[in-house]
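Notes follow the structure.
The values are calculated or read from the model by the stated rules, or taken from the named source; none is laboratory data. From a predicted model like this one, the values you see are computed outputs, not experimental measurements. Counting neighbours? That spans all protein chains shown, and the Cβs are built from the backbone with ideal geometry, glycine included. Ligands, DNA and RNA are excluded from the accessible area calculation, which covers all protein heavy atoms including side chains. Shrake-Rupley method; radii C 1.70, N 1.55, O 1.52, S 1.80 Å.
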Amino acid sequence: MHDDFVMLSVPQSPGKRTPSGNHEFYNKIPENPEFRMMKSFVSTVRVYRTSTVLCALLCLAVALLVACGGRATPPINSVDLAVVGQTVTKVRTAGNEVVVLEERLTSIFENGPQRTLAILQSDGLTVRPYMPPPGWSVVDFAVHPSGDISAILTTAAEVRIVRLDPNGSIRSDQLFLDPSAPTDPFFDYAGGIKDDNALQPALMHDAARLAPLGESLAVVLRTGRNAIVGYRLDPDVSGAYRRAWRTLVEPGSSILGEGITSGSFDVFGQLQNHLRIFVDVDVDVPATLAIGVVNAPMANFTFRAHSEYFSEPISASTGVLLTRVASGDGRRLASTVIDTHDVAELHGVRATPRGFVLVGRVLSELRSDGSGWNAFTAFVGRDGTPGPYSVVDVDRGDVLFDVAPLPSGRYLALGTTGYVQNPSGASISEAAQPLLVLLNSDGSLAQNLGYIGGARHNQLATVAPLNGRWLLGGMINGPGTHSGDAHPKLIVADGFLREGSNLPAD
């Protein structure tokens, strides 16, 4: 059913500033001489919101031209983009169009995320920025077949959707409203923090994701009530969105705050990973939307609330829940549990020709030398059947952030390797190398492709195809957990987007 009141057009003026989450920090644990500790803890203490979402340097640039009868974007012959002072966290393509999400790293004492959205120009080297309204942060984007781009912006409590044409001009800019959110089911297992009237969780405002449904849009939010809700928005001729359906993906439940005892940077966002959500859509017609969320014992109660509300028992205590939703009418098709057996973090969900693949990291073995965190892959078939689950161990600590299917049925996957983590805490070393691997069809390691990084911490974060080539994005010269303790300016990295050379084509 259409809802005429879900979206409100807003003028191009400063957005309303709203408070954001504030963690409490403690220093009660003595430091290990080999590892400076950044020990995570669960807090039921009330967390007060502080004002302000930092005014992110968020932009969108378009140097691609549109002909009268359709798009005529010039080809990008070679991509070699260097981004000084920001990382590249996501790249997506449509035809010749390349859209990039960049991020300035922030300490745990700053509000974030601070992201920049940009379209690569035809020289493959430059972008042109567009500033969103002050007080708002871009958290995700989607590229439509027409070349239009949808972006989702948040404050600590509010959400808005912006649609731009391929030239970067605003077609629509609308506040996103959901009158049903305050009354979604909530299971109070351990207190915790919630805000019934917010559309982002109290502890962060990076819990909103988009996926293109042709020219329509899938939106997935974790609300202030900690519920996960999916929506389909259909555009009219002006580009303004109307809601086609709303689906409760997961009920709200207690989520406890995590804090740290020392350190100044959250390297993988791992202390907030139990709040983030990951989405993608397959190529079926109509498409299926997949939403992945991790269950983190002692931090959230996703498995327990899901079991109770949907009457679907889950025997696993750690792992990931992937829910599939029909894009046409919003029906929940099914949820699939991936039992990781050990504490795990989800860092990506991508569609494949046969279903969906999930990637992240898992604490396979607690070792005194700080190794033992390994990457993992897990597969879910189109019909929801659980597929292979594989642990990928390359060098000490490993994590996968993104993955792309190859025509042969194998996969190209990327992330970070060679780091160590405090075995009794969460401190991650500054030294870490980029990870680029070829995976077998079951997700197991076939070959380490040996991508060479730069100084300090290195990551490969995102991959996308472009005219038969692969684009790889990430960062070099990044910080570890304690890099900025004495000198905050060391919490910085340099991003890049470039074509991968000599990569497998099948």
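Per-structure values
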{"item": "Neighbour net charge for residue 304 - beta-carbon separation under 12 angstrom, K R +1, D E -1", "result": "-4"}
{"item": "Per-q log10 I(q)/I(0), the range 146-266, q = 0.11, 0.22, 0.23 Å⁻¹ (Debye; single scatterer per alpha-carbon; no solvent)", "result": "-0.42, -1.19, -1.27"}
{"item": "Share of carbon and sulfur in the accessible heavy-atom surface of the chain [1.4 Å probe, %]", "result": "54"}
{"item": "Accessible area (Å², per residue) of the range 324-469, counting only protein heavy atoms and a probe of 1.4 Å", "result": "34"}
{"item": "Per residue solvent-accessible surface (Å²) - the range 115-198, probe of 1.4 Å", "result": "32"}
{"item": "For the range 184-225: span of alpha carbons on each principal axis (Å, largest first)", "result": "41, 20, 16"}
{"item": "Fully extended contour minus Cα-Cα distance, from residue 236 to residue 128, at 0.36 nm per residue", "result": "36.1 nm"}
{"item": "Solvent exposure ordering (accessible area, 1.4 Å, most first) of 452, 170", "result": "452, 170"}
{"item": "Nonlocal amide H pairs with residue 330, under 5 Å, H built at 1.01 Å", "result": "none"}
{"item": "Rounded to whole Hz, the Karplus (6.51, -1.76, 1.60) HN-Hα couplings of the range 412-427, x for glycine and proline", "result": "9, 10, 8, x, 9, 9, x, 9, 10, 9, 3, x, 10, x, 10, 5"}
{"item": "Solvent-accessible surface ranking, highest first, for 90, 489 at 1.4 angstrom", "result": "489, 90"}
{"item": "Other-chain or far-sequence residues with amide H under 5 Å of residue 280's (modelled H)", "result": "290"}
{"item": "Distance (nanometres) between label positions extended 7 Å along Cα→Cβ at residue 298 and residue 408", "result": "4.3"}
